[in-house]
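Working notes, structure below.
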Amino acid sequence: MFEISSEILPFLLLFSLGIALFHTLILSGIFNVNLKPGWIMFIVDPAILGVAFLFFQKESGIIFIALFLSVFVMAMIGFIKNGIESTIDSFKEQQKNKIPVWKIIGGGLLALLGYLAFFYLGLYSFFIIFFLIIVSSILPNNTNRFYFYQRILPTSTIQSVAMGLAEISGKAKAIHPVVSPDTDTSCVGYIYTVDEIHTSRDDDGRTSTSYREISRKMELKNFYIEDETGKIEIVPEQLQWINFLPTHSREDGRKRYQEFILDEKTDFLLIGQAFYEGSHSILRFDEGKKVFGIAPLDIVNFFNKWRPLKLRALTTLACIAVCSAFILFTPITMNGTKIIIEKRNWKEILHSNPFEGFF
């Protein structure tokens, strides 16, 4: 058995303080455990090692190794726990937004493949992820679909809007005003979100903060969009809020509270299906084109102004990714003044262990 000698015990006790630091960070940062007092693990971990040395001399070394490995086990369990919780929350939110189940399952499978690619392909997986990020930025989604039709549709005045897919702009007018929950603001509609705050610190002492949405409340009833020629009623079912910025944000403890307000002062741009209902026209979700969105007009104008620069940036990043992949994936050797580019054996790579050199 592996025993701890009295000579190395002081060094291992000091090492256990480092283990206690990681235990404290994992319990408070990943598991959100409110340790009282905060330094309790700096007593518990050295005490475990001391008890092992005094009463379990022959097994003391094994106990120390187990204490050290518990850091990695706890971290892995915490990441898996947070990943499962995040997936469940995302699934519930997507169900609320009436996203088809096959899309939700497909997204989960893609995420699983991403994890497997990272563990199997190692460094190469980053290029796959980078490629998927670029592709996802141009694939159809609510925002991309909205801006696609915004570029090809003319903006119609409300009085002369034609039936079918249409683009209009104007100010929102409430039919039945609502009151936001945090600031008691009377408005056309609101989205109220609560985010969980996660704070981490790197080895250089820099602090980074991330947020995870844990609840969302939306209240929006039928309303009008009005321009100088008239007004049209908006049926808000499946209406997507595009690029809205929070009008109010506050943090309290480990939570952040935000309000997104649809007010009567801002000019908005809407895209949806114009339709006659009774004696008046309405704007609603277009079942054929799968688009129905509203965005602040100034943000839409800003997006259109910088869109050419965004496309150039994506093209540049794609070229950098291809060149980097070529350099890293291709075996290149120097023979005197000659550069020899060898053929890559992909079959051997896919059957190899990318972490073989580390373990």
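The values are calculated or read from the model by the stated rules, or taken from the named source; none is laboratory data. Note that this is a predicted model, so its numbers are computed, not measured. Here the Cβ positions follow ideal geometry from the backbone for every residue, glycine too, while neighbour counts run over all protein chains shown. Accessible surface is based on the protein model in full, side chains and every heavy atom, while ligands, DNA and RNA are left aside. Shrake-Rupley method; radii C 1.70, N 1.55, O 1.52, S 1.80 Å.
Sort Tyr224, Tyr190 by accessible area with a 1.4 Å probe, largest first. Spell out each step's value before the answer.
Working: Tyr224 65, Tyr190 5 Å².
Order by accessible area, largest first: Tyr224, Tyr190.
Computed over protein heavy atoms with a 1.4 Å probe, the accessible surface of the stretch 1-52 works out to 59 Å² per residue.
Once Lys and Arg get +1 and Asp and Glu get -1 on their Cβ, which of His248, Phe268, Thr229 lies farthest toward the positive end of the dipole of the stretch 224-283? Farthest towards the positive pole: His248.
Say the cut-off is 31 Å between C-alpha atoms; which of Lys221/Lys310; Lys221/Lys289; Lys173/Lys305; Lys255/Lys305; Lys290/Lys310 go over it?
Details: Lys221/Lys310 35 Å; Lys221/Lys289 23 Å; Lys173/Lys305 28 Å; Lys255/Lys305 35 Å; Lys290/Lys310 25 Å.
Pairs exceeding 31 Å: Lys221/Lys310; Lys255/Lys305.
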